[in-house]
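To keep things clear, I will list the structure first and then write my remarks on it.
The values are calculated or read from the model by the stated rules, or taken from the named source; none is laboratory data. What you are looking at is a predicted structure, and each value in this text was computed from that prediction instead of being measured. Counting neighbours? That spans all protein chains shown, and the Cβs are built from the backbone with ideal geometry, glycine included. All accessible areas refer to the heavy atoms of the entire protein, side chains included, with ligands and DNA or RNA removed. Shrake-Rupley method; radii C 1.70, N 1.55, O 1.52, S 1.80 Å.
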Amino acid sequence: MRAVRILLVLVVVLGGLFVAADRIAVHFAESEAADRAQQTLGLTSPPGIDIKGFPFLTQVLAEKLDDVEVTADGVQATGTGGQTLRVARFQADLHGVSLGSGFSSAVADTAEGTALVSYEDLAKAAPSGVTIGYGGASENGKGRVKVGVEVSTPVGTVKRSVVSEVGVAGKGGIKLTAGKIPGLESLPPVVEDLIRERIDFTRALSGLPEGIELSSVTATADGISVAATGTKVVLAQ
């Protein structure tokens, strides 16, 4: 019985040491991965990296992590025409992350994520003279964007406020499309053309991880909520 007790104690002690070593290793790996991701994505600060699953060391030996969660705030994504569109918050769950030697690279088989673009940041990336805010929900409950514009036309300066729909453009773009513009019935068609040149626009997000594609965008009170998915998503290289 004494031998059994000693064996059990040894098992518990060794198990505790293994768990401690495993947690130390995962903390070090998360730090290294965050630094690599910061360099790859061009972030001003390291993102949050949370490596899921236990034990971690067996995943390292296999050079593949089951699940990794990435969070980042204030991502600067360069958009169409060189505009910088700031992503206020980005979160992604990556599955099947293959590792390079010494965490030199990390590529996920699949990923799902969300991002939030504030109206203030979207307005900064919009054409000049355009203001953007939340426009409330439509009759079918879909969120809308309120867009204000002031533009010089052949008949003088014209100010208008319209409600726009937000949608996905291509694989990685956000587009705003206005409905009917009020108060233009007595004005020449060129006035509406000049207004729409400002308020109907697309901005691409090219600062997110390679392999991520936008799947849907929704106007909310907090900003434009973006859902994204991807395959072969590059976290670090």
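See the values below:
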{"read-out": "Filter result (over 22 Å from Thr114 (Cα atoms) and not polar (S, T, N, Q)) within segment 160-174", "value": "Arg160, Val162, Val163"}
{"read-out": "Output for segment 106-136, where each listed residue is aliphatic (A, V, I, L, M), under 23 Å from the mean Cα position of the chain (by Cα) and in a strand (DSSP E or B)", "value": "Ala106, Val107, Ala108, Ala111, Ala115, Leu116, Val117, Ile132"}
{"read-out": "Residues located in segment 206-237, provided they are farther than 20 Å from Asp109 by Cα and open to solvent by less than 20 Å² (accessible area, probe 1.4 Å)", "value": "Val217, Ala219, Gly223, Ile224, Val226"}
{"read-out": "Complete set of residues in segment 106-132 that are open to solvent by 40 Å² or more (accessible area, probe 1.4 Å) and either under 18 Å from Asp50 (Cα atoms) or basic (Lys, Arg) (or both)", "value": "Val107, Asp109, Thr110, Glu112, Thr114, Lys124"}
{"read-out": "Unique match (being of a type outside the set (D, E, K, R), touching a residue at least 40 places away in the same chain (Cβ under 8 Å) and either outside any loop (DSSP other than H, G, I, E, B) or surrounded by 15 or more Cβ atoms within 10 Å (Cβ to Cβ) (or both)) among Thr177, Thr202", "value": "Thr202"}
{"read-out": "Filtered residues of segment 84-105 (kept if open to solvent by 30 Å² or more (accessible area, probe 1.4 Å) and assigned to a strand (DSSP E or B))", "value": "Thr84, Arg86, Arg89, Gln91, Asp93, His95, Ser98"}
{"read-out": "Any hit, segment 163-174, residues being under 35 Å from the mean Cα position of the chain (by Cα), open to solvent by 40 Å² or more (accessible area, probe 1.4 Å) and β-branched (Val, Ile, Thr)", "value": "yes"}
